[in-house]
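Here you go, one structure.
Taken together, the values in this text are just the output of simple stated rules run on the coordinates, not laboratory data. Quick caveat: nothing in here was measured; it's all calculated off a predicted structure. Quick reminder, even Gly has a Cβ in these numbers, built from the backbone with ideal geometry, and neighbours come from all protein chains shown.
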Amino acid sequence: MTLLGLDTSTAASSACVLRADGEAFDVTPPPDRLAGPPRHASELMPAVASAMELAEVRWVDLEAIAVGVGPGTFTGLRIGIATARALATANELPLRRVSSLAALAAGIRENASAGLALPLIDARRGEVFAALYDGPEAVWPPFAAQPEALVTRLREGGFKPLAAGDGSLRFRGMLQEAGIPVEPDGSEAHVVSALHVCRLGLGMPDEPPGAVLPEYLREPDAKPQQ
Amino acid sequence: MILGIETSCDDTCAAVVGEDGRIHSNVIASQGLLHARYGGVVPEIASRHHLELVDAVTADALERAGARLDDVDTVAVTHGPGLIGALLVGLSFAKALAAARGLPLVPVDHLHGHVVASTLGEDPVVAPYLCLVASGGHTFLARVDEPFEYQVLGQTLDDAAGEAFDKGARLLGLGYPGGPEIDRLAREGDPEAFSFPRSAPGELDFSFSGLKTALLYAIRELGEEAHSRAADLAASYQRAIVDALAARTRAAIEREGAVRLAIGGGVAANSELRAAVAELGVPVWVPPVELCTDNAAMIAGAARFLKPLRYPDYLDLDAAARLP
Ligand SMILES: [Zn+2]
């Protein structure tokens, strides 16, 4: 099947078209994009349009849209999901939800064929969104934690996974001190690749667009606007 | 037909409007009560609800208009000013909807929407006119020579008029939103019982923050008695707000030589304000309440006067909490 995938869980906006013939056209930015301010509104739709153009695919050729639902930056996730839903509605396509941490773990596995993957997305306020994967299996489902608590939990479980993602870049020192290896700074494994969103999307069920919501993992701050 | 989408504050709105200004549908999903217990709009909660509602509200607007996406020629969307996270939900949805169909997109200034709300419907106001917009989020006077633009003549320097109603209602122990509550109670009271300040900063600007402090002091001074004088307090407080709005509007009409007046924003639903502006000597347009409060029909309505962006020129369009 031919599908479009996208992810906006970090500062990067990524999009990819995976064609039915297996060819992938991935517009995922390089890892240095993670350090800049998020600009999903101005970067996501151009990325989607270029992936479609590169793949020489028209809207009517798509059979589903896969979207990274986080966890990650709240505003980014909403931009990605609102975009995916409207694209799906306008073309009468189903949506498929993909965990952004699962997509990140898939990228880590490409670099470390064996062993455990620890995808980490920066959750701000000194926390990370984390999960632990053994192959495609989630040993720990996604959760939010302070890095100290994460390191303790790993030590208690006797896990030494390979970490990647903007959360691992932020807390590299603490992780490495605890014996958790982190992908080198320039590694593409730090970016949630839309290609992996597409691939994981192949195995997910179809959902009506309006049903797909972000995986926030955190209650909203109840502070009124002043 | 124009499909309008508006998510700048706490109402998720979609509407279908014809090029002729006919409103085919105007759907507003209000989150007002959700925010009431926090005493104001909580941006993150508003953004989450916009995302939950935007698909259904848009589908509802199309259905009520008896239209399908195929019938939509242009998509219009609010790109600012407002809560940035809230704006981005509607903007992202609108951009993707337009892009997937190769439709033109019109980014609309939310305030421009309020200003042209009276140009919609059966009896549209025709430019040139003067416009008073007063709501929980904004209070300003604008001059409209051509409907594609407006010129702000004066605005509030602190609280918006609707905010003054909300804060006053809270001080009086009334419900939220405060405007209708004070309006109701004021009918039983004496508007001259208390003399609250009508501050007059700048020639055509407004200021309401001192008024709410004056009400607070009056309530404190009355002590136990405040409860039995609530109607008088509400009536006097409302009179002070309405007087300030009407006096500035009168001054603007005289200075600009305006021949027509339109009012908009949620406070335009206030009965005393409606009565006061009717006395200003020029014909007044007051749109129905669903065009006064935040809505998408006014956004689609404003888009009729603006130049659309063609696909793919709007793909990188961003929202802005403040517009230049
Ligand atoms: Zn408004």
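Compute the acute angle (0 to 90°) between the alpha-carbon long axis of helix A:74-90 and the principal axis of greatest extent of the alpha-carbon atoms of chain A; round to the nearest 10°.
Taking Cα atoms only, the helix is inclined about 20 degrees.
Please arrange B:S25, B:S8 by how many other C-beta atoms lie within 10 Å of their C-beta, fewest to most. Don't skip to the answer; put the middle values down first.
On the way: B:S25 22, B:S8 30.
In order of increasing Cβ crowding within 10 Å: B:S25, B:S8.
Sticking with this one: Picking from B:I2, B:G113, B:V282, whose Cα lies most toward the positive end of the charge dipole for chain B (charges on Cβ: Lys, Arg +1; Asp, Glu -1)?
B:G113
Rg to Rh for the range B:254-324: what is it, with Cα atoms only and Rh by Kirkwood? Mind showing how you got there, number by number?
Details: Rg = 16.7 Å, Rh = 15.1 Å.
Checking Rg against Rh, the ratio lands at 1.10.
Estimate the FRET efficiency between B:L323 and A:D21 by the formula 1/(1 + (r/R0)^6), using the beta-carbon distance for r and 60 Å for R0, to the nearest 0.05. Provide the component values of the computation, followed by the final result.
Working: r = 46 Å, r/R0 = 0.76.
Approximately 0.85, to the nearest 0.05.
With a/c under 1.5 counting as rounded, go ahead and sort the range B:63-130 into rounded, prolate or oblate using the C-alpha gyration tensor (a ≥ b ≥ c being the square roots of the eigenvalues; past the cut-off, prolate if a/b is larger than b/c, else oblate).
Working: a/c = 2.33, a/b = 1.27, b/c = 1.83.
Verdict is oblate for the range B:63-130.
If you restrict to DSSP beta bridges whose two residues both lie in the protein assembly as shown, what percentage is antiparallel, to the nearest 5?
Values: 44 of 72 bridges.
Approximately 60 percent, going by the DSSP bridge assignments.
Give me a single rounded figure for B:38-46: the average over its residues of other chain Cβ atoms within 10 Å of their Cβ.
Details: counts 4, 2, 4, 3, 6, 6, 10, 6, 2.
Mean inter-chain Cβ contacts per residue within 10 Å come to 5.
Label 7 Å along Cα→Cβ of B:V152; the range B:206-230 residues with amide nitrogen under 17 Å?
It comes to B:206-209, nothing else.
Within 10 Å of each Cβ in B:304-315, how many Cβ atoms from other chains are there, averaged over the peptide? All intermediate terms of the calculation are to be shown ahead of the outcome.
Values: counts 0, 0, 0, 0, 0, 0, 0, 1, 4, 0, 1, 10.
Other-chain Cβ atoms within 10 Å of each residue's Cβ, averaged: 1.
So, one more: Specify the angular offset, from 0 to 90 degrees and rounded to the nearest 10, of the alpha carbon long axis of helix B:230-256 from the longest principal axis of the alpha carbons in chain B.
With both axes taken from Cα atoms, the answer is about 60 degrees.
Which of the peptides B:109-121, B:149-161 is most tightly packed, and how do the rest follow, going by the mean number of other Cβ atoms within 10 Å of each residue? The partial results should precede the final answer.
Working: B:109-121: 26.1, B:149-161: 19.1.
Ranking, from highest mean packing down: B:109-121, B:149-161.
Further question: Tell me, Kirkwood radius of the range B:48-199 from alpha-carbon pair distances, in Å? Walk me through the intermediate numbers first.
Numbers: mean 1/r = 0.0538 Å⁻¹.
Roughly 18.6 Å, rounded to one decimal.
Residues in the range B:128-167, backbone N under 14 Å from the label point at B:V282 (7 Å along the Cα-to-beta-carbon vector): list them, ranges by number please.
B:128-133, B:141-146, B:151-154
Given the range A:107-226, what percent of its DSSP beta bridges are antiparallel, to the nearest 5?
On the way: 11 of 15 bridges.
Of the beta bridges lying entirely in the range A:107-226, close to 75 percent run antiparallel.
Oh, and also: Sorting check: for B:225-235, B:197-207, which peptide has the highest mean count of neighbouring beta carbons within 10 Å, and how do the rest follow?
Numbers: B:225-235: 18.5, B:197-207: 16.4.
The most tightly packed comes first, giving B:225-235, B:197-207.
What's the average, rounded to a whole number, of partner chain beta-carbon atoms within 10 Å of each residue's beta-carbon in B:84-96?
Values: counts 2, 4, 3, 1, 7, 5, 1, 4, 15, 10, 2, 8, 14.
Shielding by partners across B:84-96 averages 6.
On to the next question. Search the structure for amide H atoms under 5 Å from the amide H of A:L132, placed 1.01 Å from N in the peptide plane, and list their residues when 5 or more places away or on another chain.
Here the answer is A:V139, A:W140, since their amide H atoms fall under 5 Å of that of A:L132.
Next up: Output the 0 to 90 degree angle, nearest 10, between the alpha-carbon long axis of helix A:40-55 and the longest principal axis computed from the alpha carbons of chain A.
Approximately 60 degrees, to the nearest 10.
Additional query: Using all C-alpha to C-alpha distances in chain A, build P(r) with 10 Å bins and read off the rounded percent in each one.
Computed distribution, short to long bins: 9, 36, 35, 17, 4, 0.
What does the convex hull of the Cα atoms come to per residue for the protein assembly as shown, in Å³? Mind dumping the intermediate values first?
On the way: hull volume 85.0 nm³, N = 550.
Enclosed volume per residue, from the Cα hull, is 155 Å³.
Over the Cα atoms of the range A:20-116, Rg to Rh with Kirkwood Rh, two decimal places?
Values: Rg = 14.4 Å, Rh = 15.0 Å.
Ratio of gyration radius to Kirkwood radius: 0.97.
Right, next: When you count, for each residue, the other Cβ atoms within 10 Å and take the mean per peptide, how do B:177-183, B:217-223 rank with the highest first?
Numbers: B:177-183: 21.9, B:217-223: 13.1.
Per-residue mean Cβ counts within 10 Å order the peptides as B:177-183, B:217-223.
For chain B, what is the per residue volume of the convex hull drawn over the alpha-carbon atoms, in cubic angstrom?
Values: hull volume 39.0 nm³, N = 324.
Output value, Cα hull per residue: 120 Å³.
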